[in-house]
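Each value in this text was obtained by applying a stated rule to the coordinates, not by laboratory testing. Remember, predicted model here, so these are calculated numbers, not experimental data. A quick note on method: Cβ atoms are made from the backbone with ideal geometry, for glycine too, and the neighbour counts reach across all protein chains shown.
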């Protein structure tokens, strides 16, 4: 169960309402880098967690904190939309027929659909996509996904910080940026506690590496037809990062055959000419002869 405190986790102050900035803040709510994503990601990882309970509890606490961040941003959107109705009316009765200019950068749905409130959408009005939520059931894999989520979220927050000159908004974003810093370090601390790169990788570390194709498990395959090694780097020579192999650069080359599919299934109702496979066989033979 969850409890709610009516007070915000951190103060939200808007000195000069800006509907265009409200639209930009939507990315931090419902965008792929946003707080709904990390909130649900941590909560679903927690709800499905199997293993030491401390990881479940940590994820629950952080996911719950992220609900508070959504609340802060939703409040900031609403405050930035203050007064938007009157300015909107003035623009609509003006001479400018272009909707984008009429709205002055504001998302029309902030007025038409939500009554000057935040929505579960990104800056373009696209609804939040639950497929962005990562919860694999593998703790190490999830921690890497969480570092990525917090990293892109921090990039977004810093760009929003640069995009506003409102002192209140800068202060709120500075707080969110700080929390992103902590959470990045938090997830990396879990990876360290699990044993670091040498113990965690490759993920999952429960699969026996003896079953891998030993010729390719530490090979960087170059598909550059010029073979000039422009992609050569740390990943192409020397000991692997997990300490269990040696990197090498190998040329990409086809090791399989040309795929030949059987004729279509009759119940699939392809064309009659497809059913025999005659044309297909001829084409395959032409390709083989050309090679």
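Take the stretch 1-23 and flag every residue that is surrounded by 20 or more Cβ atoms within 10 Å (Cβ to Cβ) and in a helix (DSSP H, G or I).
Once the filter is applied, which keeps residues that are surrounded by 20 or more Cβ atoms within 10 Å (Cβ to Cβ) and in a helix (DSSP H, G or I), the stretch 1-23 yields 19, 21, 22, 23.
With the requirement that a residue be touching a residue at least 40 places away in the same chain (Cβ under 8 Å) and farther than 12 Å from residue 73 by Cβ, what does the stretch 4-13 give you?
11, 13
Quick one: in the stretch 221-235, which of the residues that are farther than 17 Å from residue 202 by Cα and in contact with a strand residue (DSSP E or B) (Cβ under 8 Å, 6 or more places away or on another chain) is surrounded by the most Cβ atoms within 10 Å (Cβ to Cβ)?
Restricting to residues being farther than 17 Å from residue 202 by Cα and in contact with a strand residue (DSSP E or B) (Cβ under 8 Å, 6 or more places away or on another chain), the top hit is 222.
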